[in-house]
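First comes the structure, then the notes that go with it.
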Amino acid sequence: MEKLIVSGGNRLRGTVQISGSKNSALPIIAATLLTAEPCTIRGVPNLSDIQFMCDILKWLSVNVRHHKTDGVVEVHAQHPLGVAPYDLVRKMRASVCLLGPLLARLHNCKVSLPGGCVIGDRPIDQHIKGLKRLGAEVEVQNGYVHARCTELVGTDVFMGGRFGSTVLGTANIIMAATLAKGITYLEGAACEPEIEDLCDFLTKMGAKIKGSGSHMLVIEGVEQLHGAEHTVIPDRIEAGTFMAAAAMTGGDIEIKGARAEHLCAVRDKLEEAGATVHRNNGSIRVQATGLLKPVDVITMPYPGFPTDMQAQMSALMTVTPGISVITEKVFPNRFMHISEMARLGADVSLEGSSAIVKGVRGLSGAPVMASDLRASAGLVIAGLGAEGETEVNRIYHVDRGYEKLDQKLRALGAKIERVAE
Ligand code: EPZ
């Protein structure tokens, strides 16, 4: 196993290039199962989660070629199998988005339930409800979701759950509805940019989708879809993570490829905190040379402040003088990073789904343990702002979702090394 050694104190300066979006690429790769024709996906980041998805497809007898250095995944799903086993699915929760395309293509599939998750309870009741509305019989048995139908039939489906619209649930129902008979009205759909990207890809495959990017989608089912080529959008959470890192270090960086329109809530909070955020053509520049102010943050579905940026923003607030309140409305228990940040000297108390952060004068480096992908990013950012060495352990979490994070930070002037544990 490897760990990251971060020596804080350096201001980040320079330019960083953002990779393609992991959370766009995963459902888009799953969507290639909807056609027997070859598909080519470009701009795919080289991450372990992408590797897991490709491995599952290969297990389903699908021909997959992953050109890691070029960011290209070619898929040809001529005769996919319909069973995704626990050993593969448990490695990555996003494999739940195989359900929609496998059911639509084969009318009978079994996908293992992924199991527990460190960021909180993650039920899939909304996915199941949606598939049932389209006419599938769905049972959960022996740890598997077994979905079958004679045909899927379009109808109205509401996707809003207790914590807002589900992102992968929306992806599943959209994919299933593309091959359903008749029209599906998807209400309360997630409108994250990754869902819009999925709709763009499906449209290239011949799907008929109206309202992409909104809460109300109208999908007219077609007989079959065809092969397509697509380039995934830049990763807004990777970009947001570099924005927070710039703010943490009093830096000045240009984030190339970042789409400012996907990061309005993050931009708004950093500006409120006192950073300067310029939106250039195809990039975002963050300058944070002055003292920052505390801000209150509430995570929400898009276009609200993303839960996937909560740990990074929490890290920034730990050294911002004053009190900030960070409230989780998407995953109410997603605070595993807080006790690790306390090891660095952060003063944070949890009250229900809120973290009350009292900014301290400085953090001091210590060994910490990454618990999930974004928690790891938060700990790296905390380390960049801490005095001395911070050892971030279990960085396989980082490698699930950040392409070359350490290399990119080093190029911006950070002192960060990857070493064997
Ligand atoms: C996606 O997960 C992302 N994953 C997550 O990113 C992200 O944190 C999350 O959306 C929220 O933005 C991918 O895109 C691969 P949800 P998803 O269903 O779709 C509840 C990262 O770090 N819910 O939108 O699985 C759920 O428990 C990852 O990159 C139900 O109650 O999340 C949560 O409270 C982590 N019933 C809320 O909805 C359901 O059937 C939102 O979850 C489904 C979800």
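The values are calculated or read from the model by the stated rules, or taken from the named source; none is laboratory data. These numbers were taken from a predicted model, which means no experiment stands behind them. Note: ideal-geometry Cβ built from the backbone for every residue, glycine included; neighbour counts use all protein chains shown. Ligands, DNA and RNA are stripped out before the accessible areas are found, and what is left, the full protein with its side chains, is counted by its heavy atoms. Shrake-Rupley method; radii C 1.70, N 1.55, O 1.52, S 1.80 Å.
Listed by chain and number, the aspartates and glutamates placed with their C-alpha closer than 13 angstrom to that of Lys132 are Glu151, Asp156; residues fewer than eight positions away on the same chain are left out.
The label-point distance for Asn108 and Gln224, in a model that sets each label 7 Å from Cα toward Cβ, rounds to 2.0 nm. Model label points for Met1 and His215, set 7 angstrom from Cα along the Cα-to-Cβ axis, are 4.2 nm apart. Taking a straight Cα-Cα cut-off under 25 Å and skipping sequence neighbours fewer than 8 places away in the same chain, the lysines within cross-link reach of Lys415 are Lys3, Lys256, Lys404. The stretch between Phe158 and Asp347 holds 63.9 nm of extra length on full extension. This uses 0.36 nm per residue minus the Cα-Cα distance. The antiparallel fraction among DSSP beta bridges confined to the chain stands at about 75%. Taking the accessible area of the chain, probe 1.4 Å, and keeping the other protein chains in place, the carbon and sulfur fraction comes to 47%.
DSSP beta bridges confined to the stretch 226-344 are antiparallel in about 75 percent of cases. A 1.4 Å probe run over the stretch 176-300, with the rest of the protein chains in place, finds 38 Å² accessible per residue. With helices as the sole contributors, the chain gives -9000 deg cm²/dmol at 222 nm; each DSSP H run of n ≥ 4 counts as -39500 (n - 2.57), and the sum is divided by every residue. With R₀ set to 41 Å, the beta-carbon distance separating Glu421 from Thr15 gives a calculated FRET efficiency near 0.85. Counting only protein heavy atoms and a 1.4 Å probe, the stretch 98-170 has 45 square angstrom of accessible area per residue. Reachable lysines from Lys129, Cα under 27 Å, same-chain residues fewer than 8 places away excluded? Reachable lysines: Lys22, Lys91, Lys110, Lys181, Lys208, Lys210, Lys329. For the chain, the relative contact order is 21 percent, taking Cα pairs closer than 8 Å that sit 6 or more residues apart in sequence and dividing their mean separation by the residue count. Heavy-atom accessible area, probed at 1.4 angstrom with all protein chains present, ranks Phe242, Phe158 as Phe158, Phe242, highest first.
Taking every DSSP beta bridge that has both ends in the stretch 1-119, the antiparallel portion is near 80%.
For the stretch 256-332, what does the relative contact order come out to in percent, with C-alpha contacts under 8 Å and a separation of six or more?
28
The charge dipole of the stretch 223-263, taken about its Cα centre with unit charges on the Cβ of Lys, Arg, Asp and Glu (plus for the first two, minus for the last two), comes to roughly 140 debye. Put a dot 7 Å past the Cα of Arg122, heading toward its Cβ, do the same for Glu261, and the two dots end up 2.9 nm apart.
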